[in-house]
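Enquirer: Here it is: the structure, laid out below.
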Amino acid sequence: MKQRMRNWPFHIMILPSLLFLIVFSYIPMAGIVMAFQDFKPWLGIAGSEWVGWDNFRYLFERQDSVQVILNTLIIAVLKILFNLIAPFTFAIFLNELRQMAVKRFVQTLVYLPHFLSWVILGGILVDILSTDGGIVNRVLVEWFGIGPVFFLGDGDWFRVTVIVSDVWKEFGFGTVVFLAALANVNPSLYEAAETDGAGRFKQTLHITIPAMIPITVVVGTLALGNVLNAGFDQIFNLYNPLVYDKGDIIDTFVYRTAILNGEMGFGTAIGLFKSVIGMILILISYRLAYKWAGYRIF
Amino acid sequence: MSSGQEMPDIVTIGDALLAQDLIDSGIFREVGPLFDKYASETWKQAMALDENVWNPYTRDGKRMGIPVLDYAYNHDYLLWIRQDWLDDLKLEAPKTIEELEAVMEAFKTRNPDGLKPGEVIPLSIGFKSSMNTWMGDPSWIFGAYGTIPQQWNVGADGKLEYGSIHPGMKQGLQKLNEWYDKGYIPKEAALWDENKTSEPAVAGKAGIIPGPYWMSGWPLLDTAKNVEGAVWKPYPIPSGPDGKAGRHGTHFTNGVILINKNMKHPEAFFTYQNYLFDNFANPEKGSEYDLGLFKGYDYDLDENGKPLHLDNIPGGYVNSIRYLLVRDGARIPDAQMKALLNLAEGKEPETRLEKEVKNNYGPETPAAAKVLLEQEDISMKDMFTGPATKTMKTKMDYLNKIESQTFNEIIYGEQPPEAFDKFVETWKASGGEQITNEVNEWYDSVKK
């Protein structure tokens, strides 16, 4: 009791963010009922017709449903995977750099693409990946004698392009998180290892990497919540009729059917479906992380 | 609206989907009888230019919204061709698809600007958004074989049929595939949207680009800055082997005016709008609106009484027409075209509209308007303008998707032209047949 009295200023300080959460996150959750309605704006939530699971059924009844969900999963899972591996490895390399100025410079440089919008980047990619004089294909043809490769017009290459360009854009941002974790490693550990005769490689293997595991688990677990988000703005700006079968994802499909046609009930249903799947995966990985890595995130 | 707030007396809306929702909401009244009773002759005549303008807003024979009229042919297109290239090669503008091929071949292999064959894009078109769009539009190629894709055309039996499943499509696709192989169209046409197709045109690397009559002002005006001596001239759409030609048409309406059920004196709105149609829409020379709507806002006069426009107006230009109850004030569909034709015949701009088109549009616009109107009979409007039907809502996106994919794959040679026949079968079986029935039900309900 006494302790609680002493802490009350801190509790007050939480209050604004708590209010914010209630107003902007919890109250709007009531809108989820729209997922089970044929929502019409002028009838409102109270007056719209109740259609039960119809909106969900529609997602699975289309001839291309399986394909679209599969595309989403393939692209999203590969993105999650490589967006863990790339910054993880890069952080280790960067950590080995002893010249602080170079390290900072590189860090900023790889961090920058994160701030580019896909609308702009999409236009740039179309140009540099063009089969008609794009720089990438020129290098491939003139230096290696391969191709030209139709990166954005061939289904399989489209997926590769989407994943690689996303990793290129985001790995710098991820690196920052890992570098922060590495900054917290006690330098005396390295000193002790050196005394014991461990080289740089052994130090990395036995100190740096174990130090990064917990943060990797956190980042990985949180990323799993995005397993049905394959990246709307990226795909929307890059896809075209030639790659519909390999590149159409849930979000682009929702955009066309729900947003363009004003089917808000259907849009809500998909959103709910994605959130539920995401939540289940986060819960599972949370348990697994605790069981195997002995790490509690929350 | 969802929170049950009161709606204004008069709502003007351009978004077709929202307009249909608002009509269905039952907040607005039937307007047909009001229009018949209170609208002025000028307005009624303007409305009568196309009897189909009421169709989107008709429910069970009742006219629920007044169509907002727009200038005709704004989205109809023609071919813009580099006249300096034609002259250099001593070629005539193409009248048929065959002649067009000869011109494209010449642009590519004997380029007057010395461009290598690989650098020239003889015909700049794109398929990313649709096969039926506004700039860099390929739909006229199918028009040469008797159909316009992605819209509902009137068939031989008087019923509506979907343009994309017409047998003529197959021939058009084969032609495009041939052109793709020969390098007449951009290699990455499937990745190009409308604006992208204008890039090589403006850069001076394209020889032909399909587009609306106003393209002379934007974006083509900039070509001469990049390539000295570049001249774009408008030409008619070439015809196919059977002499057929086609382009997609423009609806004369771009929105709707709704009147609230609770409005006590709806006739007041007609007084307002009648005034605009009678005095502002297309006044004779010497009217008080000759120079613009409001002095000091969209035009001004200097001390000698000379008119000032745009940036020369003290305090800057304000498009005061936008503040009228109906977005564009009052437009008579054929008035702008008539004004342009007058200019094309060499008449000095006198009336308000003639001055406006002279001041605001590119140098070739009057000539383009003339070309457009000479081919008036090939213009095919999308005849289905009603609210999306039940099956459309659930099936149309999938049908559009397989359509775009099949068409693009045929053009790129990834599938043989026979894939078109299979597409038509799938289209019909996957809901297309049902949609066609629903569309015709609607069409019967609005047809007089």
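Enquirer: What's the carbon and sulfur percent of chain B's accessible surface, probe 1.4 angstrom, rounded to a whole number?
Expert: 48
Enquirer: What's the local net charge at residue B:83, with K and R +1, D and E -1, over the other residues with C-beta under 11 Å away?
Expert: -2
Enquirer: Just order B:223-234, B:58-69 by mean Cβ neighbour count inside 10 Å, highest at the front, would you?
Expert: Sorting B:223-234, B:58-69 by mean packing, highest first, produces B:58-69, B:223-234.
Enquirer: In percent, what relative contact order does chain A have, based on Cα pairs under 8 Å that are 6 or more apart in sequence?
Expert: Reported relative contact order: 28 percent.
Enquirer: Could I ask something else about it? Using a probe radius of 1.4 Å on protein heavy atoms only, what is the accessible area buried between chains B and A, both sides summed, to the nearest 100 Å²?
Expert: 2700
Enquirer: Moving to a separate point now. Under the √(5λ) rule applied to the eigenvalues of the Cα gyration tensor, what semi-axes describe the equivalent ellipsoid of the range A:1-52? Give them in Å, descending.
Expert: With the √(5λ) rule applied to the range A:1-52, the semi-axes are 41, 10, 7 Å.
Enquirer: About the Cα centre, and with charges only on the beta carbon of Lys, Arg (+1) and Asp, Glu (-1), how big is the dipole of the range B:300-448? Nearest 20 debye, please.
Expert: 560
Enquirer: Let me ask something additional. In the protein assembly as shown, with Lys and Arg counted as +1 and Asp and Glu as -1 at Cβ, which of these residues, B:86, A:213, A:280, has the Cα nearest the positive end of the dipole, that is, farthest along it?
Expert: Among B:86, A:213, A:280, the one farthest towards the positive end of the dipole of the protein assembly as shown is A:213.
Enquirer: Is the range A:62-293 best put as rounded, prolate or oblate by its Cα gyration tensor, with a ≥ b ≥ c the root eigenvalues, rounded for a/c under 1.5, and otherwise prolate when a/b is larger than b/c, oblate when not?
Expert: Judged from the Cα gyration tensor, the range A:62-293 comes out oblate (a/c at least 1.5, b/c at or above a/b).
Enquirer: Through the Karplus equation 6.51 cos²θ - 1.76 cosθ + 1.60, θ set to phi - 60°, convert the phi angles of the range B:299-306 into ³J(HN,Hα) values in whole Hz; use x for Gly and Pro.
Expert: Per-residue couplings from phi come out as 7, 8, 10, 7, 5, 8, x, 7 Hz.
Enquirer: Follow-up question, since we're still on this one. So what's the net charge close to residue A:151: Lys and Arg +1, Asp and Glu -1, counting the other residues with Cβ under 11 Å from its Cβ?
Expert: It works out to a net charge of -2.
Enquirer: Hey, rough spin-label estimate for residue B:267 and residue A:180, points 7 angstrom out along Cα→Cβ, what's it come to in nanometres?
Expert: 7.1
Enquirer: Toward the positive end of the charge dipole of chain A, about the Cα centre and with charges on Cβ (Lys, Arg +1; Asp, Glu -1), which of A:80, A:148, A:250 goes farthest?
Expert: Checked the options; the winner is A:80.
Enquirer: Evaluate peptide B:405-412: per residue, the Cβ atoms of other protein chains within 10 Å of its Cβ; return the mean as an integer.
Expert: 3
Enquirer: Less than 13 Å from a label point 7 Å out along the Cα-to-Cβ axis of residue B:425: which backbone N atoms in the range B:385-415 qualify, by residue?
Expert: Within reach of a label on residue B:425, which here means backbone N under 13 Å from a point 7 Å along Cα→Cβ, the range B:385-415 contributes nothing.
Enquirer: Among the listed pairs B:128/B:390; B:295/B:358; B:233/B:422; B:187/B:428; B:295/B:370; B:196/B:355, which are separated by more than 29 Å between their Cα atoms?
Expert: As for pairs spanning more than 29 Å Cα to Cα, those are B:233/B:422; B:187/B:428; B:295/B:370; B:196/B:355.
Enquirer: Can I ask one more? In the protein assembly as shown, with Lys and Arg counted as +1 and Asp and Glu as -1 at Cβ, which of these residues, B:143, A:135, A:204, has the Cα nearest the positive end of the dipole, that is, farthest along it?
Expert: A:204
Enquirer: Helix check for chain A. Which DSSP H runs span at least 27 Å along their own axis by Cα, with a mean Kyte-Doolittle hydropathy no less than 1.0?
Expert: Answer set is A:65-96, A:155-183, A:264-293.
Enquirer: Accessible area per residue of the protein assembly as shown at 1.4 Å probe, in Å²?
Expert: Here the residues of the protein assembly as shown average 49 Å² of exposed surface.
Enquirer: Now for a different question. Quick one: putting +1 on the C-beta of Lys and Arg, -1 on the C-beta of Asp and Glu, what dipole do you get for the protein assembly as shown around its Cα centre, in Debye to the nearest 20?
Expert: Roughly 3140 debye for the protein assembly as shown.
Enquirer: Here is a further query. Once you wrap a convex hull around the alpha carbon atoms of the protein assembly as shown, what is its projected area averaged over all directions, in nm²?
Expert: 44.7
Enquirer: Treat every Asp and Glu Cβ in chain B as -1 and every Lys and Arg Cβ as +1, leave all other atoms uncharged, and give the resulting dipole magnitude about the Cα centre to the nearest 20 debye.
Expert: In total the dipole reaches around 540 debye.
Enquirer: A further question on this structure: Give me the net charge for the shell around residue B:322: Cβ to Cβ below 10 angstrom, other residues only, Lys and Arg +1, Asp and Glu -1.
Expert: -1
Enquirer: Across peptide A:153-163, how many C-beta atoms of other chains are within 10 Å of each residue C-beta, on average?
Expert: 1
Enquirer: Enumerate the amide H contacts of residue B:300 below 5 Å, restricted to partners 5 or more residues apart or on another chain; note that Pro and chain-start residues carry no placed amide H.
Expert: B:308
Enquirer: Roughly how crowded by other chains is peptide A:229-241, in terms of the mean Cβ count from those chains within 10 Å of each of its Cβ atoms?
Expert: Partner Cβ neighbours, averaged per residue: 3.
Enquirer: Rounded to the nearest 0.05, what FRET efficiency do residue A:42 and residue B:325 give with R0 = 22 Å and r taken as the Cβ-Cβ distance? Could you check?
Expert: With a Förster radius of 22 Å, E is 0.50.
Enquirer: Rounded to the nearest Å, what's the spacing between the alpha carbon centres of the range B:72-150 and the range A:234-298? Just the number, please.
Expert: 42
Enquirer: Lysines near residue A:202 by alpha-carbon distance under 29 Å, same-chain residues fewer than 8 away left out - which ones?
Expert: Hits, sequence-local ones excluded: A:103, A:291.
Enquirer: What FRET efficiency comes out for the pair residue A:114/residue B:30, r = Cβ-Cβ distance, R0 = 45 Å, nearest 0.05?
Expert: So the FRET efficiency works out to roughly 0.25.
Enquirer: Next question, about the same structure. What number, rounded to the nearest 500 deg cm²/dmol, is the helix-based mean residue ellipticity at 222 nm of the protein assembly as shown, given -39500 (n - 2.57) per DSSP H run of at least four residues and division by all its residues?
Expert: Helix-only estimate at 222 nm: -14500 deg cm²/dmol.
Enquirer: On to the next question. Give the calculated FRET efficiency between residue A:99 and residue A:160 to the nearest 0.05, with a Förster radius of 30 Å applied to their Cβ-Cβ distance.
Expert: For R0 = 30 Å, the calculated efficiency reads 0.30.
Enquirer: Let me ask something additional. Can you list residues from other chains, or at least 5 along the same chain, whose modelled amide H is less than 5 Å from the amide H of residue B:253?
Expert: Correct list: B:70.
The values are calculated or read from the model by the stated rules, or taken from the named source; none is laboratory data. On a predicted model such as this, the values are computed, not experimentally measured, just so you know. For neighbour counting, all protein chains shown are included, and Cβ atoms are generated from backbone atoms with ideal geometry for every residue, glycine included. We work out accessible area using only protein heavy atoms, side chains counted, and drop any ligands, DNA or RNA first. Shrake-Rupley method; radii C 1.70, N 1.55, O 1.52, S 1.80 Å.
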